[in-house]
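*Asks:* Have a look at this one.
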Amino acid sequence: MSPSTDTGAAFELSDVSRARIDELVAQYPTKASALMPCLWVIMDELGWVPPGGIDLLVDKLQVTSARICEVLTFYTMFRSEPQAEYVLQVCHNISCHIMGARPLIAHLEKRLGVRLGETTPDGKFALEGVECLGACGHGPCLQLGRHLYEYLTPEKVDGLLESLRRGEIPRADTDRELED
Amino acid sequence: MTPNDYTMLSARFGRSDGHKLAVYEAEGGYRALRKVLQDGMSREEVREEVKGAGLRGRGGAGFPTGVKWGFVPPDADEIYFFVNADESEPGTFKDRYLLDYDPHQTIEGTIISCFAVKAKLAFIYIRGEFGWLVDRVQKAVDEAYAAGYLGKDILGSGYDLEMIVHKGAGAYICGEETGLINSVTGRKGQPSIKPPFPAVQGFLDKPTIVNNVESVASVPFIINEGAAAYKAFGTEKSCGTKLFSVSGPVKRPGVYEIPLGLPFREFFNDWLGGMAEGEKLKAVIVGGSSVPVLPAEEIMNTNLDYESLGEAGTMLGSGGMIVIPESCDMVELIQVLMHFYFDESCGQCTPCREGTGWLHRIVKRLRGGGGTPEDLDLLEHVCDGMAGLTICPLADAAVMPMRSFLDKFRPEFEALIQETAAAAPTSRWPRGEQE
Ligand SMILES: Cc1cc2nc3c(=O)[nH]c(=O)nc-3n(C[C@H](O)[C@H](O)[C@H](O)COP(=O)(O)O)c2cc1C
Ligand code: SF4
Ligand code: FES
């Protein structure tokens, strides 16, 4: 990624997100300290941070684009490129490994026809291995955006893929938390 | 003793309504905050109570909480407080339960802790992967503001405190306290050299206290019931109760609140129900992936407290207990862990950046069938060049499991190398190719 981001490409961000960025800048003790939450605002709307997003934050936060790029690439959840529609992130750390993460990943590879780290040719699914997701006693588990699926079995994974192919994100184990 | 006897921290775990302000208040919530702010406890009194309770930091290092608070220079006027909810240590998932089932307990504990150190702004730093939890906690913080527990002139006491829920973005190293602070300043989450310690010079170069979620969540009980009531649980030096998050093939994995000093044997047999059907216990990593592993026969005779675990050659750490069954290949497991530390090294220190990579590659080579007996010495040698020689303890966090796996399960490494030798009886570099 080049620190000079004058690509001329259109960058569209909703007024709601722009207003939220102004709010965060006012709430945080220094402008620069609002960088992470502002990146999240852009991520949440667009799924990645395009060059225009960097320009916007250079302007709003008065930090250099080099600094923004540095932060953008340091944290694994920030993305500087568009992503697959569904990024399936399977935990391959120790507890999930003990509980069967490897056979589960093999199952996903077979079902999706891609290897770990790859995206399906239609750009619909990406399969990634990630470190501990904080669900160790509920493993094996995988994360899809803000949804965390736990206690996974091959059958459960098949059901998940089927729903996603229909364009439905099934209820995750942690979605209980979103209800009142 | 049974799992339901201890509910200082876990009273609302597993319930569907415990996160609501009204429920928390009906069950005695925010009584401790009223006691401090309305009945006029002084900052010193709060600090002394927490110090007297013997509460030790639950994030891993076990440093006494009240003592840490005392390091803030008395004349400082701009002080920050960070609640560490980065919870990324493999095997650890207890803070998630605290914030999920009972966010107000942590918020109340944070407000009291902030008052004790005279902080004006608190951050709750939640790892980015817990997206749903960020919303949950934000909602609870909004409720607390609306009820007058946060903001200006809290409960008419004249004390002002703002609270920001900050979402991480995927980096284990942001759990290290200076990495966490740097992350919130809008930088990479790379740790800083200590001293100066954050309590003296931290966020924006101002005094800053970083405490684990469980540490601050313990504060309301201590204020309500007093230091003596807290100390009634646990052992002389390991006071109170502690959450353990248990993973692996036991009958009942999950998060448990235990009085410190509980014998592992009792915890394992009676609380966890022993191993799942068809599994046999091989080893346990008791305090998160960064502490030394203990074989079954050693952990079975150990009690769960800071001193006993120290004497047994390991650490209580975060309480992330990983139960390893007989069916697991220890060389494979250490490869998984070395991959993790290599992945998560922030790259500032040569011994850590290169060392974690070497450890990972050597173990990988062993498993790939390219190992020699000298490789085991080489692993030890790399560990020697890492431990204690870096800015933060991540390098040590990789060395501790590596060394202990080698030390306690050496025959498995040796057997693997012998298999390799048997499969390829000639030298690894056939004559003529040797450089
Ligand atoms: C690599 C590394 C990761 C850490 N991760 C966490 C974490 O996720 N949560 C936490 O509370 N402490 C973590 N710590 C410990 C913190 O640096 C710090 O000691 C702790 O938050 C202080 O709080 P306490 O005194 O209440 O335990 C980590 C330390 C290191 C070296
Ligand atoms: S020890 Fe490793 S993680 Fe810690 S500061 Fe050095 S390079 Fe970064
Ligand atoms: S090891 Fe998979 S969630 Fe912790």
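Each reported figure results from applying straightforward, stated rules to the coordinates on display, with no laboratory input. Predicted model, so just to flag it, every value in this text is computed and none were measured. For neighbour counting, all protein chains shown are included, and Cβ atoms are generated from backbone atoms with ideal geometry for every residue, glycine included.
*Asks:* Given the Cα-Cα distance of residue A:10 and residue A:48 and 0.36 nm per residue of separation, how much length would full extension add, in nm?
*Replies:* 12.2 nm
*Asks:* Pick from A:125, A:78, A:11 the residue whose mean-square fluctuation is largest in a GNM of chain A, springs joining Cα atoms under 10 Å.
*Replies:* Among A:125, A:78, A:11, the largest GNM mean-square fluctuation belongs to A:11.
*Asks:* What distance in nm separates the simple spin-label points at residue A:163 and residue B:2, each placed 7 Å from Cα in the Cβ direction?
*Replies:* So the two model labels end up 3.5 nm from each other.
*Asks:* May I ask for the distance between the Cα centers of region B:221-249 and region A:146-164, given as a whole number of Å?
*Replies:* Their Cα centres are 37 Å away from one another.
*Asks:* A further question follows. Which residue fluctuates the most in chain B, going by a Gaussian network model with Cα springs under 10 Å, if the choices are B:238, B:113, B:327?
*Replies:* B:327
*Asks:* Build a GNM of chain B with springs between Cα atoms under 10 Å: which of B:417, B:79, B:223 gets the top mean-square fluctuation?
*Replies:* Ranking B:417, B:79, B:223 by mean-square fluctuation puts B:417 first.
*Asks:* Sticking with this structure for a sec: Cross-link partners among lysines for residue B:194, C-alpha distance below 30 Å, same-chain residues fewer than 8 apart left out?
*Replies:* Answer for residue B:194, where 30 Å is the Cα cut-off: A:31, B:51, B:68, B:94, B:118, B:120, B:167, B:206, B:237, B:242, listed by chain and number.
*Asks:* Still on this model: For the Cα atoms of chain A, what angle does the longest principal axis make with the long axis of helix A:35-46, in degrees from 0 to 90, nearest 10?
*Replies:* Long axis of A:35-46 versus the principal axis of chain A: about 60 degrees.
*Asks:* Ok, one more. No partner Cβ under 4.7 angstrom, meaning no disulfide-compatible partner by this rule: which Cys of chain A qualify?
*Replies:* A:38, A:69, A:132, A:136, A:141
*Asks:* Something else about it: Quick check on the protein assembly as shown: helices-only [θ] at 222 nm, where DSSP H runs of length 4 and up contribute -39,500 (n - 2.57) each and the sum goes over total residues. Nearest 500, please.
*Replies:* After summing the helix terms and dividing by the residues of the protein assembly as shown, the value is -12000 deg cm²/dmol.
*Asks:* Name the aspartates and glutamates eligible as straight-distance cross-link partners of residue A:110: C-alpha to C-alpha under 13 Å, and not fewer than 8 places from it in the same chain.
*Replies:* Correct list for residue A:110: A:118, A:158.
*Asks:* Show which aspartates and glutamates lie in cross-link reach of residue B:251 when reach means a straight Cα distance below 16 angstrom and same-chain residues fewer than eight apart are skipped.
*Replies:* Output for residue B:251: B:266, B:270, B:277, B:279, B:326.
*Asks:* Using the beta-carbon distance between residue A:153 and residue A:122 and R0 = 22 Å, what value does 1/(1 + (r/R0)^6) give for FRET efficiency, to the nearest 0.05?
*Replies:* According to the calculation, E is roughly 0.25.
*Asks:* Quick check: pseudo-label points 7 Å beyond the Cα along Cα→Cβ at residue B:31 and residue B:147, how many nm apart are they?
*Replies:* Here the answer is 1.4 nm between the modelled labels.
*Asks:* Now a separate question. Just to verify a number: FRET efficiency for residue A:70 and residue A:173, C-beta to C-beta distance, R0 = 45 Å, to 0.05?
*Replies:* 0.85
*Asks:* What are the ³J(HN,Hα) values, in whole Hz, obtained from phi via the Karplus relation 6.51 cos²θ - 1.76 cosθ + 1.60 with θ = phi - 60°, for each residue of region B:96-107 in sequence order, with x given for Gly and Pro?
*Replies:* With coefficients 6.51, -1.76 and 1.60, one gets 4, 5, 4, 7, 6, 8, 8, x, 5, 4, 5, 5 Hz.
*Asks:* Oh, and also: Once both labels are modelled 7 Å past Cα along the beta-carbon direction, what's the residue B:15-residue B:343 spacing in nm?
*Replies:* Taking the two extended label points, one gets 3.7 nm.
*Asks:* Further question on the same structure: Taking R0 as 45 Å, what FRET efficiency do you get between residue B:276 and residue B:204 from their Cβ-Cβ distance, rounded to the nearest 0.05?
*Replies:* Calculated value: 0.35.
*Asks:* Based on the Cα atoms of the protein assembly as shown, what semi-axes does the equivalent ellipsoid have, where each is the square root of 5 times one gyration tensor eigenvalue, given in whole Å with the largest first? All intermediate terms of the calculation are to be shown ahead of the outcome.
*Replies:* Working: eigenvalues 280, 199, 117 Å².
They are 37, 32, 24 Å, listed from largest to smallest.
*Asks:* Using only Cα atoms, tell me the angle between helix A:15-27 and the longest principal axis of chain A; keep it within 0 to 90° and round to the nearest 10.
*Replies:* Once rounded, one gets 70 degrees.
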